[in-house]
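Worksheet: one structure, shown below.
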Amino acid sequence: MRKLSNILTAFGLAAAVGLGAGAAVAQDAAIAATPDGLVKAVVTDVMNTVKSNKEMQSGNIAKIQGLVEKKIQPYADFDRTTKLALGRNVSKTSPKQLAQIGEQFKLLLIRTYAGAISQVRDQTVDFKPLRAAAGDAEVVVCTVVMNKGEPIQIDYRLEKTDAGWRVYDLNVLGAWLSEAYRGQFADAINKSGPDGLVQFLKDRNQQLASTKK
């Protein structure tokens with residue numbers, strides 16, 4: 001759990017909510033056309049937004065959720081992230097259960113790293129050169145975030161779709177975000193089935209919501 005907590009803290013500090021792009025990025029086809037260009041533009045945009053918004057810095061869930069909906073969802077594949085976290089258990093879920101799990105999982109991520117996002121201040125990001133062939137449809141974009149002198153490596157896993165590049169997973173501190181949750185998801189399903197996982201996520205979200213009051 002401590003490693004998972006560290007992953008999520010780095011997730012927020014790196015403005016990893018930059019899983020997607022805002023309108024300004026979407027309008028710049030030259031930037032959005034490449035996976036590394038998209039990540040660079042998005043991370044920069046999101047970090048600047050958080051740094052200039054006092055309510056986000058105070059951990060305002062509504063403001064952070066608004067940021068996610070505006071700048072993330074259009075360019076993130078949360079469905080694939082959820083399926084990766086489920087692993088083999090995805091075959092045990094109905095379409096309705098999968099949608100419920102995905103929605104609660106997304107909310108859990110927002111609530112979990114809200115505190116970390118509020119810590120975004122003077123962090124800087126070094127964007128590494130992309131190592132991929134021209135025709136690759138799956139790539140990893142590597143970055144290093146300097147947080148109070150401490151380097152934190154953040155790798156973004158993207159896929160090329162008909163609608164453009166989409167981010168579907170993150171590697172922080174040596175672990176993929178989807179894998180960090182896979183054990184918890186499996187335990188909940190083994191105990192109570194997919195509906196049990198939905199309830200587990202709902203309970204966790206309610207718990208986190210109550211701590212923010």
Next on the checklist: Looking only at residues that are touching a strand residue (DSSP E or B) at 6+ places or on another chain (Cβ under 7 Å) and free of Cβ contacts under 8 Å to residues at least 24 places away in the same chain in region 149-175, which one is farthest from Asp36 (Cα to Cα)?
Outcome noted: Pro151
Checklist entry - Which is on the phi > 0 side of the Ramachandran plot and in contact with a helix residue (DSSP H, G or I) (Cβ under 8 Å, 6 or more places away or on another chain), of Leu107, Leu173, Leu86? => result Leu173
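Considering only region 96-164, give the strands (runs of 3 or more DSSP E) lying wholly within it that have at least 2 residues that are buried (at least 16 other Cβ atoms within 10 Å of the Cβ).
Here the list reads 138-147, 150-161.
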Item to check | Flag if Val90 is at pLDDT 95 or above and within 22 Å of Ala41 (Cα to Cα) | outcome: no
Next on the checklist: Report every pair of residues separated by at least 6 positions or lying on different chains whose Cβ atoms are under 8 Å apart, first residue within region 31-53 and under 12 Å from Val125 (Cα atoms) and at pLDDT 85 or above, second crowded, with 22+ Cβ neighbours inside 10 Å and among the aromatic types (Phe, Trp, Tyr).
Outcome noted: Val39/Tyr156
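The values are calculated or read from the model by the stated rules, or taken from the named source; none is laboratory data. Worth saying up front: this structure is predicted, and the values here are computed from it rather than measured. Note that each Cβ is placed from the backbone with ideal geometry, even for glycine, and that neighbours are counted across all protein chains shown.
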